[in-house]
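Since the structure comes first, as structure tokens, the remarks are kept for the end.
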Amino acid sequence: MRAVLGLLLLFALLPFLPLGDWRAFVLDVGFFVQVLAALALSWDLVARTGQLSLAHGAFFGLGAYGVGLLAPELGTLPALLLGALLAGLSALLLGAVALRLHGLYFAIASLAFSEVLRTLALKLPFAGGPIGLPVPPALGGAWPLAPYFLGLGVLLLAVALSLWAERGAFGLAQAATRQSEAVARVLGVRVVRVKLLSLFLGSLTAGLAGGVYGMKTLFLNPYDAFSLARAVEALVIPIFGGLYSTLGPLLGGVLLVSLEQALRLWIQEGYLVVYGGILVLAILFLPKGLLGLLGGRRG
Amino acid sequence: MRKVWLLIGLLGMAWAQTQVKVGVLLPLSGPSSVSGKAALNGIQLAADEVNAQGKVRLELVVADDGTDPAKAVPALTKLLTVDRVNVVIGGLASGVTFALSGTVKQYQPLFLAIGAASSVVEQAFEGYPLFFHYHPWDYHNVAAALQFFRYLAQAHGAKKVAILYEDGPFGSAGIKVYQEQLKNLGYQVQAEPFKTGSGQFTPVLTRFKAFAPDILYWIGYDVDALPIAAQARQVGLRPKLIYGAPPSWPIGFEKNPLSQDVAGMTAWLPTVSNTASRRFVEAYRKKYGEVTEEYMAPMGYVIVKSLAQAVERAGSAQKERIAEALAGLRMDTPFGPLSFKPSDTGKTRYQGFGPEVWFQFQYIQGTRRPVFPKEKATVPFRYPGEYYLR
Amino acid sequence: MELFLQTLLNGLLMAGVYALVATGLALSLGVVGIVNFAHGEFLMLGAYLSYLLFALWGLDPLLSLGLAFAAAFAVGGLTYYGLIRPVLKAPELNQMLLTFGLSVILQNLALLLFGADTRVVAPPYQAATLTLGPFFLGAVPFGAFLLSAGLLLLLQAFFTRSRLGLAMRAVAQNRLAPGLLGIEAEGVYLLAFGLAAALAGAAGVMLSVMLYASPTVGFLFTLKSFAIVALAGLGNLKGVFPAALVLALAEALVSTYVPGGGGWVEAVFFLVLFLALVGRSRRAL
């Protein structure tokens, strides 16, 4: 808990620290860390019920497309919320249809779902088609730090949701559902509701993260916004950091995303070989993720 | 003793030198890395030559944009704020370049765009005063290809075009315009999208058979070149011309008999015989021990050379002065003469090359030869191609 | 009618290669219990091997087939010993991350060694065509289909006739029982994982002739293989070919009969998969 708050405080104070020449760069990296950590947390929230989502890239993309399409009409914040809602509704659809699929079957079904959505984004004429969609900068672009603080807001929301779930009865219900749905039912857990709510909340935050991402990159195309690579990133970070927790995905996001940026600066060519090597070593020697390093305090 | 003289000489040169730190942001990994690495080779070659001459000293700071907005934006920010460069060469892939526009407008560097042909990029940089775009815009590419199609209709009586286009931004950007314009030229057109790299053209090509096109025109990537050529034969489709428009071609394709008479469009080949091109090829071979076929290599080379000339004329490292000198520059390049003028749409002020740099080539017995327009052709255009005559 | 039959034929030929790649995946999933994200990289290995042998010594890819099979088997075996064995009992998600990391390493090593360029081979039969009455058959796709079918039949015989094969099937059906029956699970795992990689390696050689070699050549096929394996039922080896056939036919029909269908192929492929998965989960209740 203290570590979580400490990290959040660091993000909040980052723009005010005397970072000298590196300030703008650190803030840019910090922005992407926030967005991807929020995405990872939102994935973990869903994973806690045993649903392995490979559709988080698509939820992210829906949020981003929502912003790209609606922000010119409605302004930044309403567009952000509606985009996230769009992601949430699509997740409910997926959840309702694929309710009885488990583990890898759910993963493949969600992958298929996300590929279909991407094709739709590619084919719907109002979504800019294959050429892509320009996104207006956050709050009219008047304030360069706006995306950073929007990112911070999304991260705070993701952390708050995750902590709420982790500490309350909902988290127990999630864990019971993950371990055995049949047993959970016997224990009086309303499995369907727990799964759908987790999926809805998880995709909502993923959509928000995508929306903020779009406001920073200013341009979306279906191959980038709905990419499978992002869905995989959303699951790599929590596993690396430590599953089914708040600190794990957060810490994993901070380390993994900054590590990738740093490796790219230092090594340049072939830096991904080292990145992949670190992932493999982490699994071999830290089976519980980074949290294992901290002494495995959680139950 | 000679060492002392050399030292004095060097000191004297340093005194008269204008030093400029140049940020280079290219896709060295990710989908566009073939072009990105070629461009970097050209850039480094030119920087070596410039620094050896001694009047201008260019210090390159190279960064990888990963062909990914999430990596490109922080990388550019670092170049502009940590390395404090005032001049940036970059912007190869269109989507990434669009994402960079926010950061560019915030820190206002002199931005020399090497690629980014999509006209959405032009909108993104509309009104930005320090944007120099060397590469032709996509509407220039369309114009150049259409000129070829007009020739095919008039000189060879071609009437039907079957178009295969990849369904990403590269293949789909100009497709509507193409179809309309081809119809205006009197062509019958059928167009089908495909997914690049999937290698599954048999069903679509089978369908094209009933249409019996004179020209099979495909817009995709290097991965699609061989499957299209092979599968067209396998299904018994016999177009008189196979004409492809990928950004680069596969390695080894020229040695493949299936490439015989396949046509394509490029802005440069090592066999282009103007003086600047010959000089470039020779210098490139000396430094890297091989010849490149990627036109992005001379493109990078040209950008650095023109920048160095502008710096020399401006006699200053100040970006506004350099931009001013660059705007008035005229030079001979491997692509032909370069000078900057407002773009056709009027949205940006400094456009380098236009449709005139493009030309058509054919794979003929293991090499690519310019065949159209006539003034650039080194061998006669072969129509119908070998795949029809078989 | 002719077009329809030709379309079916096109779909059938494609299903062969799909099934070959997917069978390897089903083996590692069914027998070893590992979701191998690096499966496509074994395929890439085969494709590059075929390219290199062709480019350096002009070796015909047909001859590279056996070599690629053996080389990929060795790499698969090593991977099993070095990386998979330590995590056999780890949670599924950890195994997935491990194989994902391996896939990142292999793909980027290829990028370092060969660059991102697409590379092609040129054997003399590359575009050869067989005509059967009004129908056209590409010799290479047809050959690849026959080879795939042959390999799969061999595998089938191995599973039903040989002791080792029976042991493997036993492990696939129940992870505990073989131990009780005194079957050495270790060796079975090693063999299965090696065999899975070897099948991908052989498929890679075929794809180098039909398509190209590049660092990402395996990716698209892995994605589709996952879909096929899921449709067949995870670990169900017999279901792989029918599943591959269903998906390949759906693809061929859409891209032949739907105008602009080439852009919808992927969507249809995954839509069919999605509906099948969901439908089956409903019926199961």
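On the beta carbon distance between A:Leu265 and C:Met1, with R0 = 60 Å, the FRET formula returns roughly 0.45.
This model, with +1 at the C-beta of Lys and Arg and -1 at the C-beta of Asp and Glu, gives chain A a dipole about its Cα centre of some 920 debye. Note on A:Val192/C:Lys238: beta-carbon distance plugged into 1/(1 + (r/R0)^6) with R0 of 35 Å gives a FRET efficiency of 0.55. Based on the reciprocal of the average 1/r between different C-alpha atoms, the Kirkwood radius for the protein assembly as shown equals 29.4 Å.
Put in line by how crowded their Cβ is, counting other Cβ atoms within 10 Å and starting with the fewest, A:Ser180, C:Ser281, C:Ser28, B:Ser29 read A:Ser180, C:Ser281, B:Ser29, C:Ser28.
The C-alpha atoms of chain B define a longest principal axis, and helix B:94-107 lies at about 20 degrees to it. Between C:Phe158 and C:Tyr257, the FRET efficiency estimated from the beta carbon spacing at R0 = 41 angstrom works out to 0.55. Rounded to two decimals, the Cα radius of gyration of segment A:28-231 over 2.2 N^0.38 Å is 1.00. Between the residues B:Tyr139, B:Val189, B:Phe170, the greatest Cα displacement towards the positive end of the dipole of segment B:125-207, with unit charges on the Cβ of Lys, Arg, Asp and Glu, is found for B:Val189.
For the protein assembly as shown, the share of DSSP beta bridges that are antiparallel, to the nearest 5, is 35%. For chain A, modelled as a GNM whose springs connect Cα atoms under 10 angstrom apart, the maximal fluctuation among A:Ser162, A:Ser203, A:Ser42 occurs at A:Ser162.
Each of A:Leu163, A:Leu70, A:Leu120 was placed along the dipole of segment A:65-196 (beta-carbon charges, centred on the mean Cα), and the one lying farthest toward the positive end is A:Leu163. Protection proxy ranking of B:236-244, A:170-178, by the mean of other Cβ atoms within 10 Å over each peptide's residues and highest first, is B:236-244, A:170-178. Using a simple spin-label model with pseudo-atoms 7 Å out from Cα toward Cβ, A:Leu74 and C:Tyr81 lie 5.9 nm apart. Among A:Glu166, C:Glu41, A:Glu115, the order by Cβ neighbours within 10 angstrom, fewest to most, reads A:Glu166, A:Glu115, C:Glu41. Working ranking of peptides B:292-301, C:262-271, C:195-204, B:373-382 by packing, defined as the average number of other Cβ atoms within 10 Å per residue, highest first, is C:195-204, B:292-301, C:262-271, B:373-382. Take the Cα of B:Val61, step 7 Å toward its Cβ, do the same at C:Arg280, and the gap between the two points is 5.5 nm. Ordered by the number of other Cβ atoms lying within 10 Å of each residue's own Cβ, fewest first, B:Tyr217, A:Tyr105 fall into the sequence A:Tyr105, B:Tyr217.
Our compactness index for segment C:19-239, the C-alpha radius of gyration over the empirical 2.2 N^0.38 Å, is 1.03. Under a model in which nothing but the beta-carbon of Lys, Arg (+1) and Asp, Glu (-1) is charged, the protein assembly as shown shows a dipole of about 860 debye around its Cα centre. Each of C:Tyr257, C:Leu56, C:Tyr80 was placed along the dipole of chain C (beta-carbon charges, centred on the mean Cα), and the one lying farthest toward the positive end is C:Tyr80.
The dipole here belongs to chain B: it is taken about the Cα centre, uses +1 on the Cβ of Lys and Arg and -1 on the Cβ of Asp and Glu, and is about 640 debye.
No solvent, one uniform scatterer per C-alpha: report log10 I(q)/I(0) for segment A:240-298 via the Debye equation at q = 0.26 1/Å, two decimals. Treating every Cα as an identical point scatterer, log10 I(q)/I(0) equals -1.02.
The Cβ shell under 10 Å around C:Gly263 holds other residues with a net charge of -2, Lys and Arg each +1, Asp and Glu each -1.
Test of understanding: given chain C, find the longest segment containing no trypsin sites (Lys or Arg not before Pro) that are in a DSSP loop and have at most 14 other Cβ atoms within 10 Å. With a cap of 14 other Cβ atoms within 10 Å, the longest stretch comes to C:1-88.
Using only the alpha carbons of chain B, what is the convex hull's orientation-averaged projected area in square nanometres? Over all viewing directions, chain B projects a mean Cα-hull area of 19.7 nm². Annotation: the antiparallel percentage among DSSP beta bridges lying fully within chain B is about 25.
Sparsely packed loop sites in segment A:190-299 (the trypsin sites (Lys or Arg not before Pro) outside DSSP H, G, I, E and B with at most 12 other Cβ atoms within 10 Å) comprise A:Arg297.
Bear in mind that the values in this text are calculations on the coordinates, not laboratory data. For clarity, every value in this text was computed on a predicted model and none was experimentally measured. We place every Cβ from the backbone using ideal geometry, glycine too, and count neighbours over all the protein chains shown.
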